[in-house]
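Here the structure comes first, spelled out in structure tokens, and everything after it is commentary.
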Amino acid sequence: MKIIIGCDHGGFELKEILKKYLTDKGYDVEDYGIHQYERVDYPDYAQKVGEAVAAGKAEQGILVCGTGIGMSIAANKVRGIRAALCGDCYSAAKAREHNNANILCLGGRVLGSGLAEQIVDAYLGASFLGSYHEERVRKIMALEK
Ligand code: RB5
């Protein structure tokens with residue numbers, strides 16, 4: 001599975017940890033930055049990663065900022081994106097199973113790396129269940145029109 005990852009300065013440290021974690025697990029990870037610690041505006045990275053995922057350049061995206069909130073708000077403005085801010089494993093799995101999320105947002109100043117890795121595992125290990133969730137997701141996407 002290909003994953004595009006991005007962050008701002010608040011998420012840089014965790015993004016680096018997750019990039020290595022996922023690469024070591026065999027995922028194809030493309031890093032849209034930041035590539036060194038610098039103060040940037042998170043909407044720029046939410047837009048870059050969101051547009052790439054929406055264009056089909058990767059199956060999933062991961063965005064990390066200080067809280068994950070700014071990234072999730074911004075990424076959800078990109079057409080075709082369903083970004084889920086998750087701070088626990090149950091929500092992460094349900095974001096895929098029920099909401100067919102295509103971007104996981106995490107708070108680098110909120111989560112320890114161990115929990116963040118487990119959340120990522122729960123998210124990537126789950127799949128959309130379809131069925132009656134299809135219609136609900138279709139209604140979400142209809143809100144873009
Ligand atoms: C940056 O200081 C911080 O505002 C950002 O990383 C994020 O938490 C925004 O939601």
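The values are calculated or read from the model by the stated rules, or taken from the named source; none is laboratory data. Note that the structure is a prediction, hence the values are computed from the model and not measured. Neighbour counts run over all protein chains shown; Cβ positions are idealised from the backbone, glycine included. Note: accessible area is taken over every heavy atom of the protein model, side chains too, but ligands, DNA and RNA are not part of it. Shrake-Rupley method; radii C 1.70, N 1.55, O 1.52, S 1.80 Å.
Odds and ends about this structure:
- In this view, the solvent-accessible surface of MET141, computed with a 1.4 Å probe and all protein chains in place, comes to about 40 Å².
- Per-peptide average of other Cβ atoms within 10 Å, ordering 121-132, 43-54, 106-117 highest first: 43-54, 106-117, 121-132
- 1.4 Å probe accessible area per residue over the chain, in Å²: 50
- Accessible surface ranking for HIS133, HIS98, HIS9, HIS35, 1.4 angstrom probe, highest first: HIS35, HIS98, HIS9, HIS133.
- Note on GLU135 and ASP41: the model spin-label points, each 7 Å out from Cα along the C-beta direction, lie 4.2 nm apart.
- ILE73 contributes about 100 Å² of solvent-accessible surface, heavy atoms of the protein only, 1.4 Å probe.
- Surface composition of the chain: carbon plus sulfur atoms hold 49% of the accessible area, using a 1.4 angstrom probe and ignoring ligands, DNA and RNA.
- In angstrom, the C-alpha Rg and Dmax of the chain are 13.9, 44.
- For region 34-145, size of Cβ-based charge dipole, Lys and Arg +1, Asp and Glu -1, in debye: 360
- Span from the region 7-30 Cα centroid across to the region 119-145 one, whole angstrom: 24
- Overall form of region 1-66 per C-alpha gyration tensor (a/c, 1.5; a/b vs b/c): oblate
- 27 Å Cα-Cα threshold exceeded, pairs from LYS20/LYS139; LYS20/LYS48; LYS15/LYS145; LYS20/LYS57: LYS20/LYS139; LYS15/LYS145
- Amide H to amide H, with H built 1.01 Å from N, GLU30 comes under 5 Å of ILE3, ILE4, ILE5, counting only residues 5 or more places away or on other chains.
- FRET E, pair ARG109, LYS145, Förster distance 30 Å, beta-carbon r, rounded to 0.05: 0.25
- Scaling the Cα radius of gyration of region 62-145 by the globular reference 2.2 N^0.38 Å produces a ratio of 1.07.
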